1. Which residues' amide hydrogens lie under 5 Å from the amide hydrogen of V502, considering only partners 5 or more residues apart or on another chain, with H built in the peptide plane?
2. Identify, among Y176, V226, V120, the residue whose Cα sits farthest towards the positive end of the charge dipole of the chain, taking +1 on the Cβ of Lys and Arg and -1 on the Cβ of Asp and Glu, with the dipole about the Cα centre.
3. Rank-order 28-40, 522-534 by packing density, defined as the average count of other C-beta atoms within 10 Å over each peptide's residues, highest first.
4. With P(r) over Cα pairs in 10 Å bins from 0, in percent defined as stated, name the option among [x] 3, 12, 17, 18, 15, 11, 8, 7, 5, 3, 1, 0, 0; [y] 3, 15, 24, 24, 18, 11, 4, 0, 0; [z] 3, 16, 27, 28, 18, 6, 1, 0 computed from the structure displayed.
5. Could you sort L330, L465 by accessible area so the largest value comes first, with the probe set to 1.4 Å?
6. Mind ranking S356, S11 by accessible surface for me, highest first, 1.4 Å probe?
7. Please give the Cα centre distance for the stretch 261-328 versus the stretch 70-144, rounded to the nearest Å.
8. Considering only V595, V543, V571, whose Cα is most displaced toward the positive end of the charge dipole of the stretch 535-632, charges sitting on Cβ of Lys, Arg (+1) and Asp, Glu (-1)?
Amino acid sequence: MTTYEEDYARSINDPEGFWGTAAEGITWYKKWDRVLDNENSPFTKWFPGAELNTCYNCLDRHVEAGRGAQDALIYDSPMTGKVEKFTFEELTNSVARFAGGLQNLGITKGDRVIIYMPMVPEAAIAMLACARIGAVHSVVFGGFAATELATRIDDAKPVAMIAGSCGLEPGRIVEYKPLLDEAIEIASHKPKHCIVLQRPEATAKMIDGRDVDWQELDAAEPADCVPVAATDPLYVLYTSGTTGVPKGVVRDNGGHAVALKWSMKNVYNVDPGDVFWAASDVGWVVGHSYIVYAPLLHGATTILFEGKPVGTPDAGTFWRVIQDHKVSVLFTAPTAFRAIKQQDPAGKLIADYDISHFKTLFLAGERADSDTIVWAQDTLKVPVLDHWWQTETGWPMGANCAGYGMKPVKLGSPTHAVAGYDIRIIDEEDPSIEMPKGKIGVIAVKLPLPPGSLSTLWENDEGFLKSYMEEIPGYYKTGDAGYIDEDDYLFIMARTDDIINVAGHRLSTGGMEEVLAGHKDVAECAVLGAKDALKGQTPLGFVVLNAGVDRPDTDIVKELVLLVREKIGPVAAFKEAAVVKRLPKTRSGKILRGVVRKIADGEPYKAPATIDDPVILDEITEALASIGYPKK
């Protein structure tokens, strides 16, 4: 077997040879004319001339290869008390029938379909059914506000919507159908059909002539897989945002299938037949890539979990799912483990479960602080690996690629660049200059981007260039800041707008968060730059304490200030922190630093549609007021 170093070098120096070899892991109806067409950079085309079907590669080919009786998808829902398993043969049949139902409605190759579903098996079935007939799906997070859904309807112009009647959250039912109806009323574009999955918890009112019951489509004659060009879009996924035209990331069929299949073994060290759990939602990129597509492309078993794994019913839910379904690899956000650590600091609950078959924990989505990684390692007794990627890339850019044999872990680093990603650190002031080893700069990827990355934005080539390609010519700008050390380990310090300028000193809020997270009483933290009349910006901390901490907040804040002064130095000018009950986050677990910064600076703000619970912003406002923010 080749080494990581050999494969990485080949992927950069001979991308056509490297990805041409990787593409042998996919079944094609027609082979490519060439592996890479980069003549119109940055609008790179992978495997032009080739034809395939992503759904066939996820399902039918495994049945034909004798894996039909293996579990493909396990649905686990504490919300309903249900566990349901689908073999590859059963899932193939369900997807084929639903795809036939879509065809009966006149939906065909190239048509767009918006999917607005809770975390139920039908969400994955709808995605795969679209892929089966060559329709382009766009999944919108279930329960998204009507105005946000309307903007996506107007941008994607779908011929049909697929929705659940409701979603279930701890202690409440969220009715989706009224939101869907309102969104269609607001939108200029009117979809012809709305397919509704009626859930027993809330029955939706149907509109004659437009709305169709899911069960009608499920009874259709099965549809065959439709060949599509490798360069045809598989899906459009809108990045979260509250203003302006949403950015619809376009993912192709061919490059996506090749890269995601390759990543399962080489990044995650998952074999066909292993059980893989990405604890996310199909509305986010992690759900697209690592709940639905990558595990099934690889012939692994994937888990679709409905509910919040932490907090309801207890911090042991993760361990219960790992035990019950024999999960070998888990991928989740660091914020989930910070929440577990807060509820069960000593890690006592894990002793109640048998997780002896569990191999590796992967973290991504937020910066994984050292304290959380060490706690997880000590508690789980398995490797805990941070890795880094984005909605735009669709799969990891930086990782400790476990399939090659793990590299030594350096806390705070996702380790090395993944095959195909030529990562450079660029001077923010002069994009023609690369930063020396160990110096923070803008993280950029030298073009061409590897297969599976975004090919453009939906019907918005100009926005694609402006958002990602213009600022550093010849590179994709990630929007993250960090550095590469002498051993070529990559460190992601913060988003570029979280590098703050304190009296002329450029400082990483991520470095300060690392220090705060190391305090014995701190479960979770965030640091951002607040306006300061004298210094331009000063760092402001927010900390959530571990359960059971019973000391004055002022004492803890004093200790944190001294800790930052000791670890980073007086130059950090870290003098203030607010102790809060919880931090405002998106539903995918990312801390809403931008909104908190506006509150601290006394600027107007709008609660994003992606926020987990808007009430948290009132709590943050009160906490800031108690320490004198916004300042006069």
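1. L507
2. Positive-most Cα among the choices belongs to Y176.
3. The most tightly packed comes first, giving 522-534, 28-40.
4. Working out P(r) over Cα pairs in 10 Å bins from 0, in percent from the coordinates points to [z].
5. Ranked list, largest accessible area first: L465, L330.
6. Most to least solvent-accessible, the answer reads S356, S11.
7. 17
8. So the residue we want is V571.
The values are calculated or read from the model by the stated rules, or taken from the named source; none is laboratory data. Values in this document were obtained by computation on a predicted structure and should not be read as measured data. Note that each Cβ is placed from the backbone with ideal geometry, even for glycine, and that neighbours are counted across all protein chains shown. The accessibility values were calculated without ligands, DNA or RNA, using every heavy atom of the protein model including side chains. Shrake-Rupley method; radii C 1.70, N 1.55, O 1.52, S 1.80 Å.
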